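Structure, as structure tokens:
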Amino acid sequence: MRVHNIYADEQGESHFRDIEIEWAEEGPDGTTSKLFPGTGVIFRFTPGTWKFDWHTATRRQYVVNLDGPNQITASAGETRIIGTGEIILIEDMHGKGHLSQAVEGQFRHSLLIPLPTE
């Protein structure tokens, strides 16, 4: 299972990388990973007109797209469409940040899962 990740380097430039989730246990209900920490769940709706100019993340968090994609552009120039059912770990809390916007006028429901502060 792949998780997109956006992070900032020491110069404040944001980049993408992929994180591969490792499987830890297999049982009668399926295969699971280790337990990852989280502090709660936030439910979000974004309209099809949504566009968020350059910004840094307010907190480290997973974003899980439930029924629509969104487009994110890292300050280093790479653009990714995070599709329906995909997950991104947002970690660029300093530097230039990233752009976020709806894709082709599609609204989106998503889950935000904040991570504990380090």
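The values are calculated or read from the model by the stated rules, or taken from the named source; none is laboratory data. The shown structure was predicted, so the numbers you read here are calculated from the model rather than taken from an experiment. Neighbour counts run over all protein chains shown; Cβ positions are idealised from the backbone, glycine included.
Of the residues making up region 1-58, those that are in contact with a Leu (Cβ under 9 Å, 6 or more places away or on another chain), part of a strand (DSSP E or B) and either farther than 24 Å from Glu104 by Cα or among the hydrophobic types (A, V, I, L, M, F, W, C) (or both) are Val3, Ile6, Tyr7, Ile19, Ile42, Phe43, Phe52, Trp54.
Any residue that is within 13 Å of the chain's Cα centre (by Cα) and small (Gly, Ala, Ser) - is there at least one of those in region 29-51? Within region 29-51, not a single residue is within 13 Å of the chain's Cα centre (by Cα) and small (Gly, Ala, Ser). For the structure I just gave you, tell me whether Gly68 is in contact (Cβ under 8 Å) with a residue 12 or more places away in the chain, touching a Lys or Arg at 6+ places or on another chain (Cβ under 8 Å) and not in a strand (DSSP E or B). In short, yes.
Checking region 39-56 against the condition returns no match, with no residue being of a type outside the set (A, V, I, L, M), within 18 Å of Met1 (Cβ to Cβ) and modelled with pLDDT of 95 or more. Say we look at region 92-108 and pick out the residues that are surrounded by fewer than 19 Cβ atoms within 10 Å (Cβ to Cβ) and hydrophobic (A, V, I, L, M, F, W, C); which of these is nearest to Asn70 (Cα to Cα)? So, considering only residues that are surrounded by fewer than 19 Cβ atoms within 10 Å (Cβ to Cβ) and hydrophobic (A, V, I, L, M, F, W, C), the one nearest to Asn70 (Cα to Cα) is Val103. For region 75-90, enumerate the residues that are buried (at least 19 other Cβ atoms within 10 Å of the Cβ) and under 15 Å from Asp18 (Cβ atoms). Answer for region 75-90, where residues must be buried (at least 19 other Cβ atoms within 10 Å of the Cβ) and under 15 Å from Asp18 (Cβ atoms): Ile82, Ile87, Ile88, Leu89, Ile90. With respect to the stated conditions, Ala24 is of a type in the set (A, V, I, L, M, F, W, C) and touching a Lys or Arg at 6+ places or on another chain (Cβ under 9 Å).
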